[in-house]
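S.K.: One structure, pasted below without further comment.
The values are calculated or read from the model by the stated rules, or taken from the named source; none is laboratory data. This one's a predicted model, so the numbers in the text were calculated from it and none came from an experiment. Glycine also receives a Cβ, built like all others from the backbone with ideal geometry; neighbour counts cover every protein chain displayed. When the accessible area is computed, the model is the full protein with side chains, heavy atoms only, and any ligands, DNA or RNA have been set aside. Shrake-Rupley method; radii C 1.70, N 1.55, O 1.52, S 1.80 Å.
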Amino acid sequence: MDLSDTPEEAAFRARLREWLAAVLPGLPPKPSPDDWPGRRAYDLGWQRRLHDAGYADVHWDASPTTRLIFLEETEKAGAPYVGANFVGLLHAGPTIAAEGTAEQRERWLPPILRGEEVWCQGFSEPGAGSDLAALRTRARRDGDAYVVTGSKIWTSHAEVADWCELLVRTDPEAPKHRGITWLAMPMDAPGITVRPLRTLAGSAEFAEVFLDEVRVPVANRVGDEDDGWRVTMVTLSFERGTAFAGEVVACRRVLGELAVEARKNGRWDDPALRRRLGRLHAEFRALWRLTQWNVSAAEATGGVPGASGSVFKLRYSHARQELYDTAAAVLGPDCLDLDRPWTLDRLSALSYTIAAGTSQIQHDIIAERILGLPRGR
């Protein structure tokens, strides 16, 4: 498989680099991590700049390879991360683009691309995290609406979201994977209560969401009723397939910075540390090649990543944790100083073997869908 740029891709890369070099110096300062209204405005403002420059559609209308070039170059340049736009751009938006009706695509996709609306993800529940299909949030059909009651947890950016990609159970008698429906819920609907959750790293990008007889129009259903698990697999394939691509580039940059710091503070003299850095260098190069391979494979099959995204997610989660454990070894006692670089990243890295599907779930997907092993009973 040829992973080099075509002439068209090379030209896109050059144009993007030139635009980033021109626009990034003029950006306003980033708001503080706890200022979520300010972060929402900042992230939407960056998305609007991308839209006005013609780069907003790379997540859906461009080829997977062009999307990967965009993620690589923006991360290398130090451009703002998608931030509060994460769910809309990388989860809900691609799902609606792939599974939504023409009317749904027209209603929801342009505001995401223009930086006007934020989405959150209402999947996990207190009793349905790794076993997502065990969710119990109930949706009862009442005329042209679903009446939704239940609760969600680890809902990303709920406190500043306009919409929620919501999984509900519409048929409690059906086998657990079959009675689920995917809805787009307006976050200003009556009956919604949001309680922010503070993480180990001190941030509050997650929340609990409580739903008390919330009415969601049937027209907001993506896919057929009770077919939400299949639609969810499309969402999760994007989440595990390309959503972390920019982070691989960031980790490779951090690895270089760690080598510089180790040379400064004398820990470079430790051969065991040098071996760790060298192995991680090879690991992240391999992960980047795997990302390119997954994107090329997705391009050949209609743009939706496949089960190989679980291979990437599994290995990347552990590699990221190993990277920041190595950062602690480079910093020595300073790794306990929360104001030092990489310390908070080390705390947040602990969540990666849980978020977007636990490592145990990824092992099961690889065993069943790639290796063809029998399903456990």
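S.K.: As an exercise, use a Förster radius of 41 Å and the Cβ-Cβ distance of Glu322 and Phe210 to find the FRET efficiency, rounded to the nearest 0.05.
M.R.: E between Glu322 and Phe210, to the nearest 0.05, is 0.65.
S.K.: First measure r as the distance between the Cβ atoms of Asn265 and Asp35, then evaluate 1/(1 + (r/R0)^6) with R0 = 30 Å and state the FRET efficiency to the nearest 0.05.
M.R.: 0.35
S.K.: Return a whole-number percent for the relative contact order of the chain, with Cα pairs under 8 Å and 6 or more residues apart as the contact set.
M.R.: 14
S.K.: Then there is this: Work out the charge dipole of the chain with +1 on the Cβ of Lys and Arg and -1 on the Cβ of Asp and Glu about the Cα centre, then indicate which of Thr137, Pro374, Leu200 is farthest towards its positive end.
M.R.: Pro374
S.K.: Work through the residues other than Trp108 whose Cβ is under 13 Å from its Cβ and net out their charges, Lys, Arg +1 and Asp, Glu -1.
M.R.: -3
S.K.: Would region 7-113 count as rounded, prolate or oblate if I go by the C-alpha gyration tensor, calling it rounded below 1.5 in a/c and otherwise prolate when a/b exceeds b/c, oblate otherwise?
M.R.: On the way: a/c = 2.09, a/b = 1.08, b/c = 1.94.
Because a/c hits 1.5 or more and a/b fails to exceed b/c, region 7-113 counts as oblate.
S.K.: So if each residue of separation counts as 0.36 nm, and I subtract the Cα-Cα distance between Glu18 and Asp171, what length gain in nm does that give?
M.R.: Full extension of this stretch gives 49.8 nm more.
S.K.: I've got another one for you. If I compute solvent accessible area with a 1.4 Å probe over the protein chains, what percent of it on region 117-267 is carbon and sulfur?
M.R.: C and S atoms contribute 49 percent here.
S.K.: Work out the length of the dipole vector of the chain about its Cα centre, built from +1 on the beta-carbon of each Lys and Arg and -1 on the beta-carbon of each Asp and Glu, and round it to the nearest 20 debye.
M.R.: On the way: 46 positive and 53 negative charges, 217 e Å.
That gives a dipole near 1040 debye.
S.K.: In the Gaussian network model of the chain, springs joining C-alpha atoms below 10 Å, which of Arg48, Arg279, Arg221 carries the largest mean-square fluctuation?
M.R.: Answer for the Gaussian network model of the chain: Arg279.
S.K.: Here's a follow-up. Compute the distance in nm between two label points, each set 7 Å from the Cα along the Cα-to-Cβ direction, one at Arg275 and one at Arg198.
M.R.: 4.2
S.K.: So, in the chain, how many Lys pairs have Cα atoms under 27 Å apart, if the pair is 8 or more places apart or on different chains?
M.R.: 6
S.K.: With charges only on Cβ, +1 for K and R and -1 for D and E, what is the dipole size of region 119-226 about its Cα centre, in debye, rounded to 20? Present the calculation step by step, with values, prior to reporting the outcome.
M.R.: Numbers: 12 positive and 17 negative charges, 51 e Å.
Here the size comes out at about 240 debye.
S.K.: Could you work out the local net charge near Ala133, counting Lys and Arg as +1, Asp and Glu as -1, over the other residues with Cβ closer than 15 Å to its Cβ?
M.R.: On the way: positive: Arg136, Arg138, Lys152, Arg169, Lys176, Arg178, Arg230, Arg375; negative: Glu125, Asp131, Asp171, Glu173, Asp226, Asp227, Asp364, Glu368.
Surrounding charge for Ala133 is 0.
S.K.: Here's a follow-up. Find the accessible area per residue for the chain; the probe is 1.4 Å, ligands and nucleic acids are left out, and the unit is Å².
M.R.: On a per-residue basis, the chain sits at 46 Å².
S.K.: Right, another one. At R0 = 41 Å, how high is the FRET efficiency between Val218 and Arg48 if r is their beta carbon distance? Nearest 0.05 is fine.
M.R.: Working from the Cβ atoms, E equals 0.80.
S.K.: So what is the calculated 222 nm ellipticity per residue for the chain, using -39500 (n - 2.57) for each DSSP H run with n of 4 or more, over all residues, to the nearest 500 deg cm²/dmol?
M.R.: Using -39500 (n - 2.57) per qualifying helix, the result is -15000 deg cm²/dmol.
S.K.: DSSP beta bridges in the chain, what fraction antiparallel, as a percent rounded to 5?
M.R.: 80
S.K.: Does anyone have the angle between helix 102-113 and the longest principal axis of the chain? Alpha-carbon axes, 0 to 90°, nearest 10?
M.R.: With rounding to tens, the tilt is 40 degrees.
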